[in-house]
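Notes follow once the structure below has been shown.
The values are calculated or read from the model by the stated rules, or taken from the named source; none is laboratory data. Bear in mind the structure is a predicted one, so any value in this text is a computation, not a measurement. So basically every Cβ, Gly included, is an ideal-geometry build from the backbone, and we count neighbours across all protein chains shown. Each accessible area value is taken on the protein alone, full model and side chains, heavy atoms only, with ligands, DNA and RNA left out. Shrake-Rupley method; radii C 1.70, N 1.55, O 1.52, S 1.80 Å.
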Amino acid sequence: MIPAPFDYARAGSVEEAISLLGSDPDAKVLAGGHSLLPAMRLRIARPSMLVDIGRIADLSYVREDGDRIAIGALTRHHDVANAEVLQQLCPIVAHAAGQIGDPQVRHMGTIGGSVAHGDPAGDLPSVLLALDAGFVAQGPTGTRTVAATGFFTSLFETALAPDEVLTEIRVPKATAGWSFMKFQRRAQDWAVVGVSAVRANGGVHVGLTNMGLTPLRAVGVEEAVGGGADPASAAARADEGTAPPDDAFGSAEYRRQLVKVLVRRALEEALP
Amino acid sequence: MSRKQMPGVIGVFTAADLDDAFPAGLPMVWPITEDIKIPTHWPLTKDVIRFAGDAVAVVVAGSRAQAEDAAEEVAVRATELPVVLDLEEAAKDQVVLHEDLGTNVVVHWSHGGGGDQAIFESAPVVVQERHLQPRLIPNAIEGRGCLAYGIPAAGEFTLVSSTQIPHITRVGLSITTGIPQTKLRIIAPDVGGGFGSKLNIYAEEALALALARQLGRPVKWIEDRQENYLATTHGRGVIHDCTLAGTEDGKILGLKFVELADMGAYFQLLTPGIPELGGWVYMGPYDVDAYWYEFTGIMTNATPTDAYRGAGRPEATYVIERLVDAFARRIGKDPAQVRRMNLHPPHVDAQTSIMGLNVDSANYEPTFDRALELAEYDQMRKEQAARRESGDVRQIGIGLSSYIEMCGLAPSEILGALRYVAGGWDAAEIECRPFGKVVVRTGTSPHGQGHDTSWSQIVADGLGITPDDVEVLHGDTAVSRLGMDTYGSRSAAVGGEALRQAVEKVKEKARIIAAHELEVSEDDLEWADGAFRVRGAPDKARTIPDLATSAWQAHSLPQGVEPVLEGTAVYDPPNFTWPAGTHVCVVEVDTETGKTDVLRYVAVDDCGVVINPMIVEGQVQGGVAQGIAEALYEEAVYDGSGNLMTSSMTQYLIPSAMEIPDMILDRTETPSTTNALGVKGIAEAGTIASPPAVINAVVDAVSHLGVTEMGKPASPERVWRAIQEATKGSPGVSGGLDGATPAQQEGGAS
Ligand SMILES: Cc1cc2nc3c(=O)[nH]c(=O)nc-3n(C[C@H](O)[C@H](O)[C@H](O)COP(=O)(O)OP(=O)(O)OC[C@H]3O[C@@H](n4cnc5c(N)ncnc54)[C@H](O)[C@@H]3O)c2cc1C
């Protein structure tokens, strides 16, 4: 339960972090450490160097920015949950952040870490996917914004390059109906299955947690709702295109059942 | 890089390197039958790795990190052998763990039964069920650890260990390491939790001592959570074939249980004795005419099992109480009514029970009635009926569990008859220091049970001083010489009573000195208001602090009286103690997802006289939390090759405060006749009573849908599957339960 030996460097700025990352191909960014350090303690992850961005103060903020809300990548889950801007203008993000782990986890873990980690069981990634969020990444050659729909490429893999730092998460204002259904065994657990539903463009966007290798959109459900189906019949399509895991928390078969129940309940809550 | 050259590495040792270190293997002290087959259990395996956790090498290094780095580099050349984990498969002996034993079926023990065994076939109602209880991981938050040091030249060693049993460990490790008991000191400091998992003598303790001796320097070992899950004993892991014989109107005529018990890959200290401990309570609190219990212990390629909070009695109570509910469903009666009409009649004095031992005292009905009252049983039944009527997605279930347990381990004569190698006595020494302070040395070894508090109360009450004046010392063989340590809810009933007797001895001596000083005869003295007083002249008095001072000064003691006021008692209990109680659990089950929430939990226990109510309540709360965990969350799972899948707290689900409800606790008080304190024991009651209360509630919540079977833990998926199974063929929406109708087999638990 002690990590393999590694080097440690504290970055004073995003630019410094990027250059440190560029100096060592096996280096990794350390943000809240609440996904990375457990993996290192089990020696599943063995980075040669940690580039600690935890002290870069100007990466932690939540602010209104035109028709969007901009969230700094280092904003802790606790601060996301309690940000008034989000509570008023995009409540599902604040609410979901408040459901992550336990208070200790929420005071350390960051929204950027959650996104960059690319864990299909994470709460925020599927919410951000349902919101069509944008992720701002800064690298040696500059800054780009990646759409959530193209960001999560595979299990724990994302569109971020090894020498890029995620700096900002941009979400739309979403104050119409929404619902966040997290089904977990214990209060502090990851979701066995999670569902987020947000009304958008007259229809609904549905994000799924822990139903495949990446966070997913329930495209079939979105289509059905768009076509006028009621929640129960739309929810029947909730497992289309999913590949849920089979683990100690539930079989794939059970998750397929669960996702239908949760989507139906989420639609009932989100839709008038 | 060779292993020994890695930074900080002091040595790497295999069994071959330590061949001379261990004259004997690790101790197993309960060979329960004459023909039991006992495998030798070396601290490091010499030939075959029999379970994930069976260590092959030990690395000693300057720091834990250096040791872990080096351990990672140790390469093991091994041939993969087939494994067997399933009890019935293992019993076929196609894969045999210990070649020299020739079989995995290492022990068979029967209680021998009582009453007319024909009843199990001829009774008007015969309920038969099979119940599986999975392996559990005891999960003391504070893991095991030890530090061995000594003076090798003098052959003297000390082991500081996170153990419940310093006194027993001194005997056991002396045999394993060859260090004489006179040269071996064991210290159990602040141990943290135990729950039976530290009622053992482990390979790491023997290795630390042997390496300290060999290397001539202190050796420390502290487990991490994964090591704890792999190599610290597991609990439960049993299958029962159960039979209840009864009548149509609800009388239970007989209870019969045939058990298979998973021993794991080796015996640890008490492994084969654990099912047997349960063997004495399979009649529950009921008045039955016939009784049978037997078990077969089977070796499997998994972590050895041993005592886990309740040790045999939770296993027993679970199957009895599941069976009683099944019986009630079969005959269409309320489970509360069935239990109540079968409770054993009260008795103030000890009475021989059908299983052959004497139950110290009993009065079950008031406890039972109080539990139902606090649970608002009738009100809950109405609420349940309303939800069933309305077809609510969330259904309510009410579960009961009435239990009796055996504590106060144990009368040495009975232990001898049961082939346990040690006695069951305990000891206490009281030393009254001059000017008012009192030192107590107890043979019990508390690790969170609050003996410092309760023992101070016993002494303060007895000697007329305040608890603050009492210092209780424990957990060090050099300080408390005599003892049998803490487990099996024995401490108050045995060690506490020993202390009470030591108090009496102190007072006997004090009375002689008081009479001398007050110039009266002993008969003229009475003990009143915390002092010896002259009858009729209460102002002429001597307190214990007065007398302790004069006994220490010894300036003027009566003829033949030795200086110093002290008293020692070694007490061997004449009988066990038998607590009992009834717990009621109300749950809400989401019938679409299978998720269970505990809405209400009531525990009414009778542990005899209570010394400290707060400690008793704490024990019940913790025990019930562990039992709810067992019922709804916990299960150790292995894959087909013997890897522990639930190898961290992420996969092995221990509920948090968020999942455990506030409990409604109450007590009745039926004094024990075994000891003069009247105490029985409470530390395991919660864990014994609660699992069946919770599972019975879950089944009850969905029984109207046709569900009668339910395994532990009742995870959402397991409950969902049970509902699916029961309602098969009923119309459902998207695999859900909308519109489901009760299955045809409702009430037919045949
Ligand atoms: C006990 C426990 C319970 C938890 N429960 C939940 C839960 O219920 N739901 C949930 O969603 N999560 C849960 N988590 C995970 C938690 O939310 C993590 O905080 C989060 O997943 C990662 O954020 P972090 O800041 O800790 O990232 P870190 O652990 O520091 O990093 C994670 C990964 O992201 C990379 N990274 C981090 N920040 C950046 C960045 N700005 N740019 C580029 N790469 C970056 C790192 O290099 C690393 O690969 C739990 C964690 C624990 C320990």
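How large is ³J(HN,Hα) for each residue in the stretch A:262-272, as worked out from phi by the Karplus curve 6.51 cos²θ - 1.76 cosθ + 1.60 (θ = phi - 60°), to whole Hz, x for Gly and Pro?
5, 5, 4, 5, 5, 5, 4, 7, 7, 8, x
How much accessible area per residue does the protein assembly as shown have, counting only protein heavy atoms and a probe of 1.4 Å, in square angstrom?
Details: 38650 Å² over 1022 residues.
Heavy-atom SASA per residue in the protein assembly as shown reads 38 Å².
Please compute, for the alpha-carbon atoms of the protein assembly as shown, the extent along each of the three principal axes and give them in descending order in Å.
Result, largest extent first: 101, 75, 68 Å.
Residue B:486's amide H: which non-local residues (gap 5+, or another chain) put their own amide H closer than 5 Å, with H modeled 1.01 Å from N in plane and none for Pro or chain starts?
For residue B:486, whose amide H was placed from the backbone, the distant partners under 5 Å are B:445.
Can you pull the percent of the stretch B:425-571's accessible area that's carbon plus sulfur, 1.4 Å probe, other chains left in place?
Values: 2820 of 6100 Å².
C and S atoms contribute 46 percent here.
Extent of the stretch B:450-607 along each principal axis, from alpha carbon coordinates, in Å, largest to smallest?
Computed over the stretch B:450-607, the largest-to-smallest principal extents equal 83, 41, 30 Å.
Rg to Rh for chain B: what is it, with Cα atoms only and Rh by Kirkwood? Walk me through the intermediate numbers first.
On the way: Rg = 27.8 Å, Rh = 27.6 Å.
On the Cα set of chain B, Rg over Rh gives 1.01.
Name the residues of the stretch B:694-731 whose accessible area, probed at 1.4 Å, falls by at least 30 Å² once all protein chains are in place instead of their chain on its own?
In the stretch B:694-731, residues shielded by partner chains: B:716, B:717, B:720, B:721.
Once you wrap a convex hull around the alpha carbon atoms of chain A, what is its projected area averaged over all directions, in nm²?
Here the figure is 13.7 nm², rounded to one decimal.
More than 19 Å apart: what percent of Cα pairs in the stretch A:178-270 qualify?
So the portion of pairs separated by more than 19 Å is 31 percent.
Work out, in µm²/s and without decimals, the Stokes-Einstein translational diffusion coefficient of the stretch B:13-96 at 25 °C, 0.890 mPa s, Rh from Kirkwood over C-alpha pairs.
Numbers: Rh = 15.7 Å.
Result for D is 156 µm²/s.
When you look at the Cβ of every residue in B:658-667, what mean number of other chain Cβ atoms sits within 10 Å?
Working: counts 4, 4, 0, 0, 0, 0, 0, 0, 0, 0.
So the per-residue partner count for this stretch is 1.
What's log10 of I(q)/I(0) for the stretch B:223-359 at q = 0.09, 0.10, 0.11, 0.14 Å⁻¹, Debye sum over Cα points only, no solvent?
For the requested q values the scattering log ratios are -0.33, -0.40, -0.47, -0.70.
Using alpha carbon centroids, what distance separates the stretch B:624-671 and the stretch B:353-385, in Å?
24 Å
So, counting K/R as plus one and D/E as minus one, what does the shell of residues with Cβ under 13 Å around residue B:486 add up to? Walk me through the numbers before you get to the answer.
Values: positive: B:198, B:309, B:490; negative: B:426, B:452, B:485, B:684.
In short, -1.
Arrange the peptides A:83-89, B:640-646 so that the one whose residues have, on average, the most other Cβ atoms within 10 Å appears first.
Numbers: A:83-89: 17.3, B:640-646: 15.1.
Descending packing order for the listed peptides: A:83-89, B:640-646.
Compute the separation of the alpha-carbon centres of the stretch A:80-107 and the stretch B:444-460 and state it in Å as a whole number.
So the two Cα centres are separated by 46 Å.
Using the Kirkwood radius over Cα pairs, work out the Stokes-Einstein diffusion coefficient for the stretch B:170-221 at 25 °C and 0.890 mPa s, in µm²/s as a whole number. Walk me through the intermediate numbers first.
Values: Rh = 12.0 Å.
The diffusion coefficient I find is 204 µm²/s.
For chain B, what relative contact order do you get, as a whole percent, if you take Cα pairs closer than 8 Å and at least 6 residues apart? Don't jump to the answer; show the numbers that get you there.
Working: 1841 pairs, mean separation 108.2, N = 750.
Normalised by residue count, the contact order of chain B is 14 percent.
Determine ³J(HN,Hα), in whole Hz, for all residues of the stretch A:66-78 in sequence, where each value follows from phi through the Karplus function 6.51 cos²θ - 1.76 cosθ + 1.60 and θ = phi - 60°; x replaces Gly and Pro.
Values, residue by residue: x, 8, 10, 10, 9, 10, x, 4, 8, 5, 6, 3, 4 Hz.
Using mean Cβ contacts within 10 Å as the protection proxy, how do B:9-16, A:143-150, B:685-692, B:602-609 order, highest first? All intermediate terms of the calculation are to be shown ahead of the outcome.
Details: B:9-16: 16.5, A:143-150: 13.9, B:685-692: 31.8, B:602-609: 26.2.
Going from most to least packed, we get B:685-692, B:602-609, B:9-16, A:143-150.
Using the Kyte-Doolittle scale, which helices in chain B average at least -1.0 and also have C-alpha atoms spread 24 Å or more along the helix axis, with helices defined as whole DSSP H runs?
Working: long enough: B:313-331 (27 Å, -0.14); B:497-518 (31 Å, -0.34); B:613-632 (28 Å, 0.60); B:685-702 (27 Å, 1.26).
Span-like helices here: B:313-331, B:497-518, B:613-632, B:685-702.
Per-residue Cβ counts within 10 Å, from other chains only, averaged over A:250-259: what number is that? Show your work: numbers first, answer last.
Values: counts 5, 2, 0, 5, 10, 1, 2, 12, 9, 1.
The mean count of partner-chain Cβ atoms within 10 Å per residue comes to 5.
What are the ³J(HN,Hα) couplings of the stretch B:577-590, residue after residue, when phi is run through the Karplus curve with 6.51, -1.76, 1.60 and θ = phi - 60°? Round to Hz, x for glycine and proline.
Karplus values, whole Hz, x for Gly and Pro: 10, 10, x, 7, x, 9, 10, 10, 10, 10, 10, 10, 10, 7.
Whole angstrom only: what separates the Cα centroid of the stretch A:165-191 from the Cα centroid of the stretch B:255-297?
Cα centroid to Cα centroid, the span is 50 Å.
Report P(r) for the stretch A:183-230: all Cα-Cα distances, bin width 10 Å, range 0 to the bin holding the largest distance, values in whole percent.
26, 43, 25, 6
Counting only residues 5 or more places away or on other chains, whose amide H sits under 5 Å from the amide H of residue B:599 once H atoms are built in the peptide plane?
Long-range HN contacts for residue B:599: B:586, B:587, B:588.
Please report, largest first and rounded to whole Å, the three semi-axes of the ellipsoid equivalent to the stretch A:7-52, where each semi-axis is the square root of five times an eigenvalue of the C-alpha gyration tensor. Before the final figure, lay out the partial values.
On the way: eigenvalues 72, 26, 9 Å².
Taking √(5λ) for each eigenvalue gives 19, 12, 7 Å, largest first.
What residues have an amide H closer than 5 Å to that of residue A:167, excluding those fewer than 5 places away on the same chain, when H is modeled at 1.01 Å from N in the peptide plane?
Those qualifying (amide H under 5 Å, at least 5 residues apart or on another chain) are A:136, A:137, A:138.
Which value in Å is the Kirkwood Rh of the stretch B:350-467 over different Cα pairs?
Working: mean 1/r = 0.0503 Å⁻¹.
For the stretch B:350-467, the Kirkwood estimate is 19.9 Å.
Just the number, please: buried accessible area between A and B, total of both chains, 1.4 angstrom probe, nearest 100 square angstrom.
Details: alone 12210 and 29010 Å², together 38650 Å².
That pair hides around 2600 Å² of surface in total.
Expressed in whole Å with the largest first, what are the equivalent ellipsoid semi-axes of the stretch A:57-172 derived from the C-alpha gyration tensor as the square root of 5 times each eigenvalue? It would help to have the intermediate numbers written out before the result.
Details: eigenvalues 79, 51, 37 Å².
Equivalent-ellipsoid dimensions as semi-axes: 20, 16, 14 Å.
Using just the helices of chain B, give the 222 nm mean residue ellipticity in deg cm²/dmol: DSSP H runs with n ≥ 4 each add -39,500 (n - 2.57), and the total is spread over all residues, rounded to 500. Before the final figure, lay out the partial values.
Numbers: 18 runs with 210 residues, N = 750.
Mean residue ellipticity, 222 nm, calculated: -8500 deg cm²/dmol.
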